[in-house]
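Peer 1: Please find one structure pasted underneath; my questions will follow.
FYI, it's all coordinate maths here, none of it is from the lab. None of these values were measured; they are calculated from a predicted model. All Cβ positions, glycine included, derive from the backbone under ideal geometry; neighbour counts span all protein chains shown.
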Amino acid sequence: MKNKLIRVLSIAGFGWFTPVIRLATGEDANEQIREILLRIGVPVMTFAIFLLVWNGAAAGIETNLGRVPGPAQVLEQVRSLAHEYKEERRKEVEFYKIQAEKNAAKLAANPSEPAKNRKFTGKPTYLDQIFTSLRTVFTGFLIASVIAVPLGILCGLSRTLSMALTPLIQIFKPVSPVAWLPIVTMIVSSIYVVPREWLPKSYIISSVTVSLCCLWPSLINTSLGVASIDKDYLNVARVLKLGFFNKIFKIVIPSSLPYIFAGLRISLGVGWIVLIASEMLSQNPGLGKFVWDEFQNGSSQSLARIMVAVFTIGIIGFILDRVMVTLHSLVSYTPETH
Amino acid sequence: MAFLELKNVSKGYGHGSERVDVLKNINLSIEEGEFLAILGFSGSGKTTLISLISGLLAPDEGEILLRGKPITGPGPDRGVVFQNYSLLPWLTVHGNVALAVDQVFSDQSKTEREERIMKYLRMVNLAAAVYKRPHELSGGMRQRVSVARALAMNPDILLLDEPLGALDALTRSSLQIEIEKIWRTEKKTVVLITNDIDEAILLADRIVPLNPGPRATLGPDFQVEIPRPRDKKTFNTDESYKKLRNGITKYLLNIRKPRVVCEETASERGVCYA
């Protein structure tokens, strides 16, 4: 039971918590306390030092938008953003309540008149922006994966294809999203002329830009994973005379899954970095646009709000990475591989 | 007509001056139901030989006939048990055998296939470890899975490539007994590659030494006429065993001797075997 819990925690990325469990269940106290100090105490200490240094340094720098915010100001903006969110939700509830009352009154006065149901259109809150960003990055990541993984498998299986694509991969891999964006914008604008409400142009442009940048790590890793499959496994496929698709799905993919997921992990990380830049430029209503708008807005709170965004981006990126690490360790078939 | 026949088979690797001929003019015929052991030193080309029969490699010269038809590639009619087990680590014991059974007996119903899988897992005494994964098993157990997988394909011939080479002595001897038992009940033609002379005598009807490579050829046949079931414990007092063992040992040492001398004097004479 205990060992199972520890295993689950380790896979889920909470390995740092395991010494607490070990201590609570009466394992060697000295060793566990040392572990706790190392795995929890030291990181907490560094973070505290960082906050102190930040606080001290920020106080000394004066900008056009006022003094650089310290931790306290940033925390204040977190509260303010949370408050704005609650305020919008309250307005929304109120709006629907009033609408329902009006409709009921109209219906009582004149039963034949159809009821008007409008959607609430408040300004996007910080949480909405986070979700937009997440949706955009996952769309881009999905497009990239759907292309990169199958293509990577084919590259890994065929040296010819791999040689054919290597120059393209190497040339396009280092290109920044900022360079892709104008091209993507022009192409999307000319193809997708009449945007639908649920699929804004800026959303497509950011997603496609993200996928153009995060395609490569998955492609390269998948192809490497497939190319380095143990020859014995392929011999099993040959002895059994597995067909092409059977071979792919029963031998090739399972054995290269750890590589594929390592690639997907890097891809998602790259995608998240790239997303902010492409949202800024394409005006997709996510975190990137939030940062840009605050910069343009230039109020005395702007810098602190941008700092909030910086931490949000960092923490979400960290969570996404942990999720991918967990998936990676779930598909790794031997306990030794991480 | 022999069941499996190798005619003037040669195989080498590399090109030009780098070329190494591993096997040269191998001639061998095996009868149906026979248990043949090929005995050789390490590096003599034993694995190359079994890869040729399994079809994983194609001979440079000569041909290999199974029931009179030339072998063109690998296939489930020749079940191979590799020295390194070759189990798929992401599948369970059951999954590894099922992969083979589902492929070879795809026309059978699910229950029939399931019965077949379990029959062979029971035969190798693995019924208790059905849902374990290879990394949770000992070397001996892994090799049993590999044997079960090969047998479950119902091959015409079973090719065992030093199947017990990586195991400790105790596991080895218990698996030897099991392999012999399986061979008697399944009545399969078996080619066993080994470097263990006692293993060969215990299991085989006929032993063929593989002379050391490069350019390895096969030695003369040694028939094993010790009645079955054989018991290792009685070997020490068995005269025919002693005679056979001495004969094979003498042959192998003699065939090796000129090479040893040659290697010692090679630096003085410059050229040795060209």
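Here is a yes/no grid of residues against (1) within 11 Å of another protein chain (Cβ to nearest Cβ); (2) under 30 Å from B:His135 (Cβ atoms); (3) of a type outside the set (D, E, K, R); (4) under 14 Å from the mean Cα position of the chain (by Cα):
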site: B:Ile26; (1), (2), (3), (4): no, no, yes, no
site: B:Leu36; (1), (2), (3), (4): no, no, yes, yes
site: B:Gly40; (1), (2), (3), (4): no, no, yes, yes
site: B:Gly62; (1), (2), (3), (4): no, no, yes, no
site: B:Arg67; (1), (2), (3), (4): no, no, no, no
site: B:Asp77; (1), (2), (3), (4): yes, no, no, no
site: B:Phe82; (1), (2), (3), (4): yes, yes, yes, yes
site: B:Leu87; (1), (2), (3), (4): yes, yes, yes, no
site: B:Trp90; (1), (2), (3), (4): yes, yes, yes, no
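Peer 1: Here's a follow-up. On the given criteria, is B:Ile226 assigned to a loop (DSSP other than H, G, I, E, B) and among the hydrophobic types (A, V, I, L, M, F, W, C)?
Peer 2: Details: assigned to a loop (DSSP other than H, G, I, E, B): yes; among the hydrophobic types (A, V, I, L, M, F, W, C): yes.
Yes; evaluated as a whole, the condition is true for this residue.
Peer 1: Report whether or not B:Ala100 is facing chain A (nearest Cβ under 10 Å), closer than 24 Å to B:Ile26 by Cβ and either out of contact with any Lys or Arg (no Cβ under 8 Å at 6 or more places or on another chain) or in a helix (DSSP H, G or I) (or both). Steps first, please.
Peer 2: Details: facing chain A (nearest Cβ under 10 Å): yes; closer than 24 Å to B:Ile26 by Cβ: no; either out of contact with any Lys or Arg (no Cβ under 8 Å at 6 or more places or on another chain) or in a helix (DSSP H, G or I) (or both): yes.
For B:Ala100, the condition - facing chain A (nearest Cβ under 10 Å), closer than 24 Å to B:Ile26 by Cβ and either out of contact with any Lys or Arg (no Cβ under 8 Å at 6 or more places or on another chain) or in a helix (DSSP H, G or I) (or both) - is not met.
Peer 1: Check B:Val130, B:Val124, B:Val80, B:Val97 and return the single one that is in contact with a Leu (Cβ under 9 Å, 6 or more places away or on another chain) and in contact (Cβ under 8 Å) with a residue 60 or more places away in the chain. It would help to see each step written out before you state the result.
Peer 2: On the way: B:Val130 fails: in contact (Cβ under 8 Å) with a residue 60 or more places away in the chain; B:Val124 fails: in contact (Cβ under 8 Å) with a residue 60 or more places away in the chain; B:Val97 fails: in contact (Cβ under 8 Å) with a residue 60 or more places away in the chain.
After applying the criteria, what remains is B:Val80.
Peer 1: When you look at B:Thr111, is it part of a helix (DSSP H, G or I) and in contact with a strand residue (DSSP E or B) (Cβ under 9 Å, 6 or more places away or on another chain), yes or no? Can you show your working first?
Peer 2: Values: part of a helix (DSSP H, G or I): yes; in contact with a strand residue (DSSP E or B) (Cβ under 9 Å, 6 or more places away or on another chain): no.
It is false that B:Thr111 is part of a helix (DSSP H, G or I) and in contact with a strand residue (DSSP E or B) (Cβ under 9 Å, 6 or more places away or on another chain).
Peer 1: Test B:Glu63 against the criterion of being over 28 Å from B:Glu180 (Cα atoms) and not hydrophobic (A, V, I, L, M, F, W, C), and give yes or no. Quick ask: steps written out before the conclusion?
Peer 2: On the way: over 28 Å from B:Glu180 (Cα atoms): yes; not hydrophobic (A, V, I, L, M, F, W, C): yes.
In short, yes.
Peer 1: Given B:Leu39, B:Leu52, which one is farther than 27 Å from B:Arg184 by Cβ, of a type in the set (A, V, I, L, M, F, W, C) and buried (at least 18 other Cβ atoms within 10 Å of the Cβ)?
Peer 2: Numbers: B:Leu39 fails: farther than 27 Å from B:Arg184 by Cβ.
Sole residue among the options that is farther than 27 Å from B:Arg184 by Cβ, of a type in the set (A, V, I, L, M, F, W, C) and buried (at least 18 other Cβ atoms within 10 Å of the Cβ): B:Leu52.
Peer 1: Could you check segment A:147-177 and list, in sequence order, the residues that are farther than 17 Å from A:Gly271 by Cβ and among the basic types (Lys, Arg)?
Peer 2: Passing the criteria: only A:Arg159.
Peer 1: Taking the stated definitions as given, is A:Val208 surrounded by 21 or more Cβ atoms within 10 Å (Cβ to Cβ) and touching a strand residue (DSSP E or B) at 6+ places or on another chain (Cβ under 7 Å)? It would help to see each step written out before you state the result.
Peer 2: Numbers: surrounded by 21 or more Cβ atoms within 10 Å (Cβ to Cβ): yes; touching a strand residue (DSSP E or B) at 6+ places or on another chain (Cβ under 7 Å): no.
No.
Peer 1: Here is a check on your reading of the model: is A:Thr121 among the hydroxyl-bearing types (Ser, Thr, Tyr), part of a loop (DSSP other than H, G, I, E, B) and under 31 Å from the mean Cα position of the chain (by Cα)? Lay out the reasoning, then the answer.
Peer 2: Values: among the hydroxyl-bearing types (Ser, Thr, Tyr): yes; part of a loop (DSSP other than H, G, I, E, B): yes; under 31 Å from the mean Cα position of the chain (by Cα): yes.
Taking the combined requirement at face value, the residue satisfies it.
Peer 1: I need the full set of residues from segment A:5-36 which are under 29 Å from the mean Cα position of the chain (by Cα) and in a helix (DSSP H, G or I), in order please.
Peer 2: Step one: list which residues in segment A:5-36 are under 29 Å from the mean Cα position of the chain (by Cα), which gives A:5-18.
Across segment A:5-36, the qualifying residues are A:Leu5, A:Ile6, A:Arg7, A:Val8, A:Leu9, A:Ser10, A:Ile11, A:Gly15, A:Trp16, A:Phe17, A:Thr18.
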